[in-house]
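**Student:** Below you will find the structure I want to go over with you.
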Amino acid sequence: MKILLVSYYPLPHVGGLWTVVNNLRNELTRVGHEVDVLAQTEDSSEYRILGNSAPFKVAEIRPHIESELAAAYPNLEAGSWIHTTEVLRYSLEMTALALDISKYDIIHAQDVIAACSMERIKPDDVPLVTSVHGYLTKEIFLALQGIYPRKSDEELYSSLEYQYHEQLEHIGCHVSEFIHTQADITKNHLMQQHRIPEARFVQFPYGMDIHAFNSRPQQLDRIPGKTKPVILFVGRLVQLKGVHVLIEALRQLKTITTEWECWILGDGFEEAIKRFTDQMEDADLLSDIRLLGSVPNVKDFLETADVFVLPSLQDTQPHSVMEAQLSGVPVVVSDAGGLPEMVEEGVTGLMSEAGNPASLALKLAHLLADNELQKKLSAQASAWATQQWSLINMGKNTESFYKRALSILD
């Protein structure tokens, strides 16, 4: 089978999406399929098949796209969020048109924006399926909350940015033969918001190359010296991941115990990092929290950490939690999105109320104070994760997903 995996977003890129796509490509290739990945470069300068040259750069076709956008939407501000998305979306379409995508048996979009683009230019006899790795409109809403903290929820829902992305999500789901989700909550949201029949959904978890993960050579040169138990956060430094909730929770935790330090791994926009740093300073936590940026080998940090924390306001099935469980680090997560489907309270981790710093602080304090609980959660989570996050199973489930879509056209 010749398979095209397509992403509107940059790949390779630090984060869960690249981990999913790379693992899937490797597993499908291992069992005999031909797999290409069409995605944006990290600097957003072009779309290309990974390993190949791009047919053109975005800058070469941008004037044409912007001219068409200006004619169709004269009030759309150049350089705005929507304008930039449209330029990149049409760049993806035009790149796909310049390539021979008729040679593929199936096109597998990795997001709803890629699905929108592929549906417009793909051959009719090539099915399109989509994996929804995140709940786009919820993520956009939370991003808008961070940008416009004084606006009401109703104002944000009625904003042009939200309405635009909601329409993209609606189209991307409806043009796909089948939609892959990893969590019940994602499926339920999409069914309710976009009126998609349940029969169009296929659900199965991500997988990881567990042997490769466990066999990574140690790279300890970037690990800071450890003087107290370490609380580790891994993720993008954005509102969505609840970084602001974590900082406030740590302020409250410090009134209970000072026997901890927090390491934060991840990147974010400069203004977001400044906002979080200012919050840390206001909370008198600059000496307790280390912002360490992105690192190539998270496993070494996990093996050093005592507790892993992820207080997301919305998440589906984050690889950071999968890796923490496999590494035997007890986890404390929020009850947002698909996280309750990854962590069973008191069995494979602890769960706090999403957006509630007091709840998170109490969970962290409880876990830090109980070594026996740490050991129990660590052992149980590791055993469960080893079975649950099988890459072989993910590959088999994906093959069945493709065959189901292909059977419609037979």
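**Student:** For Gly293, which sequence-distant residues (separation of 5 or more, or a different chain) have an amide H within less than 5 Å of its own amide H, given hydrogens modelled in the peptide plane?
**Tutor:** So Gly293 has HN proximity to Gly266.
**Student:** Using Cβ counts within 10 Å as a stand-in for footprinting exposure, how do Lys138, Lys254, Lys241, Lys375 rank, fewest first?
**Tutor:** Lys375, Lys254, Lys138, Lys241
**Student:** Please give every one of the aspartates and glutamates within straight-line cross-link reach of Lys376, meaning a C-alpha to C-alpha distance under 14 Å, and leave out same-chain neighbours fewer than 8 residues apart.
**Tutor:** Asp306, Glu344, Glu345
**Student:** With both partners inside the chain, how many of the DSSP beta bridges are antiparallel, as a percent to the nearest 5?
**Tutor:** 5 percent
**Student:** Same structure, new question: If you take mean projected area of the Cα convex hull in nm² from the coordinates, which of (i) 22.9; (ii) 20.3; (iii) 26.7 do you get?
**Tutor:** (ii)
**Student:** Give the share of C-alpha pairs in each 5 angstrom bin for the range 354-410, from 0 to the last occupied bin, in whole percents, shortest bins first.
**Tutor:** Final binned percentages: 4, 14, 12, 11, 12, 11, 9, 10, 7, 6, 3, 1, 0.
**Student:** Helix 357-368 versus the longest principal axis of the chain: what angle, 0 to 90°, nearest 10, using Cα atoms?
**Tutor:** Orientation of helix 357-368: about 60 degrees from the principal axis.
**Student:** Could you work out how far apart the two model spin labels at Asp278 and Thr255 are, taking each label as a point 7 Å from the Cα in the direction of the beta carbon, and quote it in nm?
**Tutor:** Calculated label separation equals 2.4 nm.
**Student:** Follow-up. What aspartates and glutamates does Lys241 reach when the alpha-carbon gap must be under 15 Å and sequence neighbours fewer than 8 apart in one chain are set aside?
**Tutor:** Within the straight-line limit of under 15 Å, Lys241 reaches these aspartates and glutamates: Glu139, Asp267, Asp315, Asp335, Glu353.
**Student:** What angle do you read, to the nearest 10 degrees and between 0 and 90, between the alpha-carbon axis of helix 136-147 and the longest principal axis of the chain?
**Tutor:** 60 degrees
**Student:** What nm distance separates the two modelled labels at Lys151 and Lys226, each placed 7 Å from Cα along Cα→Cβ?
**Tutor:** About 4.3 nm separates the two model spin labels.
**Student:** Which entries in the list Lys187/Lys299; Lys274/Lys299; Lys228/Lys375; Lys57/Lys274 go over 29 Å, if you measure between the two C-alpha atoms of each?
**Tutor:** Flagged as over cut-off: Lys187/Lys299; Lys57/Lys274.
**Student:** Roughly speaking, what is the stretch gain from His366 to Asn22, that is 0.36 nm per residue apart minus the C-alpha to C-alpha distance, in nm to one decimal?
**Tutor:** 120.1 nm
**Student:** Also, quick follow-up: Provide the gained length on full extension for the span Ala98 to Asn393, in nm with one decimal, where the gain is 0.36 nm per separating residue minus the Cα-Cα distance.
**Tutor:** 102.7 nm
**Student:** Once both axes come from the Cα atoms, what is the angle between helix 112-121 and the longest principal axis of the chain, in degrees from 0 to 90, rounded to 10?
**Tutor:** Compared with the principal axis, the helix lies near 10 degrees.
**Student:** Same structure, new question: Using a 7 Å offset from the Cα along the Cα-to-Cβ direction at both Arg216 and Val347, what is the distance between the two label points in nm, to one decimal?
**Tutor:** According to this spin-label approximation, the distance is 2.8 nm.
A short reminder: the numbers here are calculations on the coordinates, not readings from a lab. If you're wondering where the values come from, they're calculated on a predicted model, not measured in any experiment. All Cβ positions, glycine included, derive from the backbone under ideal geometry; neighbour counts span all protein chains shown.
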